[in-house]
1. Tell me whether the range 224-240 contains one or more residues that are under 22 Å from the mean Cα position of the chain (by Cα), in a helix (DSSP H, G or I) and in contact (Cβ under 8 Å) with a residue 24 or more places away in the chain.
2. Examine the range 27-48 for a residue that is assigned by TED's automatic domain parsing to the domain that holds residue 149, over 22 Å from residue 319 (Cα atoms) and under 17 Å from the mean Cα position of the chain (by Cα), and state whether such a residue exists.
3. Identify all residues within the range 235-265 that are at pLDDT 90 or above and farther than 24 Å from residue 140 by Cβ; write none if there are none.
4. For residues that are modelled with pLDDT under 90 and either part of a loop (DSSP other than H, G, I, E, B) or within 18 Å of the chain's Cα centre (by Cα) (or both), tally how many sit in the range 190-219.
5. Can you tell which of 153, 124, 106 is over 14 Å from the mean Cα position of the chain (by Cα) and surrounded by fewer than 24 Cβ atoms within 10 Å (Cβ to Cβ)?
6. Being over 21 Å from the mean Cα position of the chain (by Cα) and surrounded by fewer than 21 Cβ atoms within 10 Å (Cβ to Cβ), is that true of even one residue in the range 55-69?
7. The conditions are (1) at pLDDT 90 or above; (2) part of a helix (DSSP H, G or I); (3) over 14 Å from the mean Cα position of the chain (by Cα), and residue 335 fails exactly one of them. Which is it?
């Protein structure tokens with residue numbers, strides 16, 4: 001039961017961090033009203049937390065490797081809560097931007113350490129499912145933000161909204177600090193060599209690169225699904241939003257099912273490669289639907305929004321297993337950084353292409369990058385979980401697996 005408690009805590013921590021990060025755009029009108037800012041200045045403020053997060057993910061990962069997950073998540077969420085409380089008391093572009101950037105930097109602790117906490121408590125036979133569940137924290141956080149932040153911003157302004165996010169972070173920080181337990185680590189005996197750097201081989205770099213490529217179709221659909229349905233299919237904003245709620249549910253379910261699939265076949269990269277092909281096909285169908293609109297266009301877009309999210313948990317699980325317990329925090333920090341960079345660059349760059357060449361070409365490019373990811377994904381052998389010889393103790397998690405060696409395959413190196 002303890003491992004499921006750790007999963008719940010890790011998922012809750014990531015969910016409240018996502019509520020803050022993805023909820024801030026819903027305060028745009030309140031930012032303009034309360035602070036007298038232009039739309040460009042509002043956009044700059046909304047980007048500040050992501051900028052802070054990107055700059056500190058690897059640092060937080062290294063701290064998790066050194067001091068453990070519980071301390072990193074608790075301190076990071078506590079700092080986020082304090083900084084958001086301070087942000088609620090200030091006005092103006094510069095002071096608010098600085099505090100939001102610092103809060104984003106503090107919240108990066110959760111992205112860097114919560115996945116490591118989950119991985120360490122589950123065996124190789126369950127990690128895919130566990131990380132798939134943990135990855136649902138992104139749509140969960142977006143859902144909480146969509147349900148609460150617009151109303152709070154309208155009635156209580158920006159200050160009330162950030163205080164709400166601060167309260168969420170503070171409550172979960174207390175829960176993690178009081179209930180979480182770091183997974184056990186293998187003690188290094190005197191004179192033993194430190195763990196080898198997993199980045200000496202190409203497999204981990206290729207996981208990072210392929211995952212970043214697969215972020216493009218994911219955020220192409222997330223960023224442009226609403227306007228696509230309005231422009232191409234003539235939906236109202238309200239009805240398009242309701243349809244896209246279904247796509248978020250499908251995205252969450254696809255992450256869990258993909259993780260379970262990877263556990264059953266004993267591989268993270270094989271399902272990841274096969275899902276990349278599916279993503280390319282669905283993006284191609286969406287591009288075709290843009291050229292010849294029909295009710296099938298709506299179905300293609302909903303499926304695209306769902307399936308493009310399916311590989312996230314697989315990539316993070318593969319990263320942790322390839323890096324090994326001594327390096328997994330830093331490796332997952334690098335993984336998060338690459339994904340967030342791709343997510344940040346996709347909307348403006350792809351938006352420019354769509355504005356000049358149309359939705360079809362934009363979605364075709366996203367599908368082509370999914371095809372490219374198929375060839376970048378390495379072939380690696382993940383060690384099978386050892387068969388238990390005795391009834392496991394309820395409080396003892398499995399030891400983290402050592403990093404697997406790449407297979408000798410024409411698709412690697």
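The values are calculated or read from the model by the stated rules, or taken from the named source; none is laboratory data. Bear in mind that the values here come from a model prediction, so they are computed numbers and not experimental data. So basically every Cβ, Gly included, is an ideal-geometry build from the backbone, and we count neighbours across all protein chains shown.
1. The answer is yes; a qualifying residue exists.
2. yes
3. 264, 265
4. The qualifying residues number 10.
5. Going through 153, 124, 106 in turn, just one is over 14 Å from the mean Cα position of the chain (by Cα) and surrounded by fewer than 24 Cβ atoms within 10 Å (Cβ to Cβ): 124.
6. Yes, there is a match, as at least one residue in the range 55-69 is over 21 Å from the mean Cα position of the chain (by Cα) and surrounded by fewer than 21 Cβ atoms within 10 Å (Cβ to Cβ).
7. Failed condition: (3).
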